[in-house]
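Student: This is the structure, below, for whatever I ask next.
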Amino acid sequence: MAGTSPQKDPVDLTFEGFDTTNEPEALINLDEELGNAQNDELVKQVLTKGVDLRQHSRQIEQELHDLEDEQLASYEQHESELLALDAEIKNCDEVLENMERLLVNFKSNLGAINNDIQALQTDSLSMSLKLKNRVVTEKQLSKILQGVVVPPDAVRTICDGEVNEKYLECLVEVNKKIAYMRVHGKQHKRLRAFQEIQPELDLLRLRASAKIREYLLDKINGLRALSTNVLILQNSIFLKYRFFNHFLIERHPEAAVEVRDSYIHIMRQYYLDHFETYQRGLMKLERVIADKSDVIGLDESSTKLSLFGSTKTVARDKNNVFNLGTRAAILDSSDPRAIVLSIATDSNAKYPFEELFRSYNLALVDNATTEYEFIMQFFVSPKARQKMTGSDMARMIFGHIFEPSMRVGELFLKGYLETAHDALGILLCIRIMASLASELQRRLVPVLESYVNSMNMHLWPKFQAIIDTHIESIKRLANAHRSKTKLDTQPPAAVRRYAELAASILRLNAAYNTHAVSLGLARLRTSVQSYLTHVSGSSSDKHQALVFLINSYDLLLTVLFENGFSEREEEVASWKQEFSATVMEFAETELAKHFGYLKQFVLEAEQQSDISQVGTDGLDRVAGEFNAGWRSQIANINSSIIQSFSNFRTGTEILHAVLGQLIIYYTRFHSLYDKRFARRGSATSTCQPVGVQNVMVEIKKYRNNF
């Protein structure tokens, strides 16, 4: 029909590939496909443009056919290349197959090798463990063999060889075997080697002990001769082969005891003979310092009847009885050697006992030190030396050897002490023993302690007894003193003796400050003070008594000061106090003698409670008397002191003390005078006293008169 649009063919909505047998499921799938197609951009364009789908489908198919033809043409064009590529791919496949087979074979080979390695590792561990066990076994076996097997040469040397250095080496080796057997014998007692070697080692031990015993006893017997130099033999033989004795101590104690006892017996007599000879020789060299008459309180006027009945004064002037002098040098001597008898005898030298005493004990200490060190090394084994038993053993051996020699030293001292009267010599001996004791401590030799203590037990009582003898002599001297109308104002000889003895004792006690010495000196000082007081009190002349005391104290202080002692010393301080007090008493006495009227008036006037009670007549009288004669009285005082005291220092000190007291009393008198006449309504003075300044000017003229 015209004007009517051509009717379009209905759209075939059947899609290839869809199964319509199951409509519900197909519809569901169709809906899903349609939904997905609507989202496609190409489908949207086709539907939007109203393209014929069939025509479009045919067009697409045509394009596909063209594309296929194009691809076939391209394939035909490159066919040869593709065939070559296919061949290469096949070759590659063959190569890869070969490689796969090789790798599979390699993998199987690696597995086999791994198994072999694990087997080898297992075998290695097993072999290592076996080797380790074998090494341990070899070490133990080697140690056992070294411990028990004795070389044949060593056996022959021990049994038949001469005792020398080679013998010593072999003995050391055998001793190691014996020690090993003793330590490990019980542990390995089942081993046949131990069972067989033990009897042989015992035989070697006995054989070695017998030869060593014989050798040591022979060498010890060689010490019997007095001319033998023991020190050389000890160092060259005994100490060199001390292991022999140590072997006997550990392996054959009975033989060791025999050797030790033989040595003790011989050396005991050896030292005894030497020290007795030395002691007798020293006694011949003694120079006697003091006898029983050498005491502080010796009466110089004592006389002895001569053969025909006449009398003569006994000489008592011995230089070193009370004055130490150079005797103390023995304590600081840098020469540690003892006196050589042959040299001293040839030179006719004589020595005080303390030098002989020091020489004997110095020889004893030196020999004791050497012997103790030898005993510790030779008779004490290294094992015992580490224990207290070693020291005890050494002390026991030393005591047996040196006991007679120490007894000789004690008898030497006792013989001297029986007739000794030298306090300084005894104190020097005490200090010598203290010095030797310190030296023994420094050397670490503790074996002479009892000897030192014993010597001190003899010395100290004797020192105190001599001090008591001096005290008794002073008492006897005081009792023998008779009262005299005129007293000798010069110090008695006993004062100088005491001063020298006190200074010497103080010097010897300076570094020790021993209480017993200080106490003895204090007792001696008290007795001397009592003696001086007694002598001064026996005089009726007070002036002479005081001069006597001052001169005596001055002599004491002079000697002490000359020996280097200051007032810090108790001895010096005590006498200085007595001296000062006596000087003040002398000053008061001398002042009362020349200016008694002045002193008495001042003392009485000062006792008045009111100055008005002091009479003006008395003041005028004292002033007049003083004005008339004060210069002459001062001159008389100066002259009296010059005549009484010859010591410049002492005289000056005493003059100053007297004139000083004069100034004090005269100043006090002037004070009373001025107060009394200064009051209103008081009477006027008829006599003006000399000024204090004028008196002081006059006194200055006498300062350097001594």
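Read the figures in this text as sums done on the coordinates, not as results from a lab. Just so we're clear, the structure is a prediction, and the values are computed from it rather than from any experiment. We place every Cβ from the backbone using ideal geometry, glycine too, and count neighbours over all the protein chains shown.
Student: Between GLU570 and CYS159, what is 0.36 nm times their sequence separation minus the Cα-Cα distance? Round to one decimal in nm.
Tutor: Residue separation times 0.36 nm, minus the Cα-Cα distance, leaves 140.2 nm.
Student: Right, another one. Taking 0.36 nm per residue of sequence separation and subtracting the Cα-Cα distance, how much length would be gained by fully extending the chain between ARG337 and LYS486, in nm to one decimal? Show your work: numbers first, answer last.
Tutor: On the way: separation 149, 0.36 × 149 = 53.64 nm, distance 5.70 nm.
The ARG337-LYS486 span can extend by a further 47.9 nm.
Student: Turning to a different aspect of this structure: Would you mind putting 111-119, 420-428, 362-370 in packing order, based on average other-beta-carbon counts within 10 Å, highest first?
Tutor: My ranking of the peptides, most packed first, is 420-428, 362-370, 111-119.
Student: List the relative contact order of region 593-700 as a percent without decimals, with contacts defined as Cα pairs under 8 Å and 6+ residues apart.
Tutor: 41 percent
Student: Compute the length gained on full extension between SER108 and GLU94: take 0.36 nm times their separation in residues and subtract their Cα-Cα distance, giving the result in nm to one decimal.
Tutor: That works out to 2.9 nm of additional length.
Student: Over 31 Å between Cα atoms, which of LYS350/LYS475; LYS542/LYS700; LYS132/LYS383; LYS132/LYS177 qualify?
Tutor: Numbers: LYS350/LYS475 35 Å; LYS542/LYS700 28 Å; LYS132/LYS383 37 Å; LYS132/LYS177 27 Å.
With Cα atoms farther than 31 Å apart: LYS350/LYS475; LYS132/LYS383.
Student: Counting alpha carbon pairs within less than 8 Å and at least 6 residues apart, what relative contact order, in whole percent, applies to region 152-251?
Tutor: Details: 45 pairs, mean separation 31.9, N = 100.
Taking the mean separation of contacting Cα pairs over the length of region 152-251, I get 32 percent.
Student: Quick check on packing: order 695-702, 56-63 by the mean number of other C-beta atoms within 10 Å, highest mean leading. Can you show the working numbers first?
Tutor: Numbers: 695-702: 15.0, 56-63: 10.9.
Put in order of decreasing packing, that is 695-702, 56-63.
Student: Compute the signed sum of charges (Lys and Arg +1, Asp and Glu -1) over the other residues within less than 15 Å, Cβ to Cβ, of SER566.
Tutor: Counting the neighbours of SER566, the net charge comes to -2.
Student: Follow-up question, since we're still on this one. How large is the charge dipole for region 593-700, taken about the Cα centre, if only the Cβ atoms of Lys, Arg (+1) and Asp, Glu (-1) carry charge, to the nearest 20 debye?
Tutor: Approximately 140 debye in magnitude.
Student: What spacing in nm lies between the two simple spin-label points modelled at THR514 and ASN479, each 7 Å away from Cα in the Cβ direction?
Tutor: 3.0 nm
Student: Also: Can you tell me, using C-alpha contacts under 8 Å and at least 6 residues apart, the relative contact order of region 319-565 as a whole percent?
Tutor: Relative contact order of region 319-565: 23 percent.
Student: Could you order peptides 621-630, 555-564 by the average number of other Cβ atoms within 10 Å of their residues, highest first?
Tutor: Values: 621-630: 16.3, 555-564: 18.2.
Per-residue Cβ counts within 10 Å, averaged per peptide and sorted highest first, yield 555-564, 621-630.
Student: Let me ask something additional. Could you pull out every one of the aspartates and glutamates with an alpha carbon less than 19 Å from that of LYS284, ignoring same-chain neighbours closer than 8 positions?
Tutor: By straight Cα distance, LYS284 reaches ASP273, GLU276, ASP346, GLU354, GLU355, GLU410, GLU418, ASP422.
Student: Still on this structure, please answer the following. So how strong a dipole does region 493-581 carry about its Cα centre when Lys and Arg Cβ are +1 and Asp and Glu Cβ are -1, to the nearest 20 debye?
Tutor: The calculated dipole for region 493-581 is roughly 180 debye.
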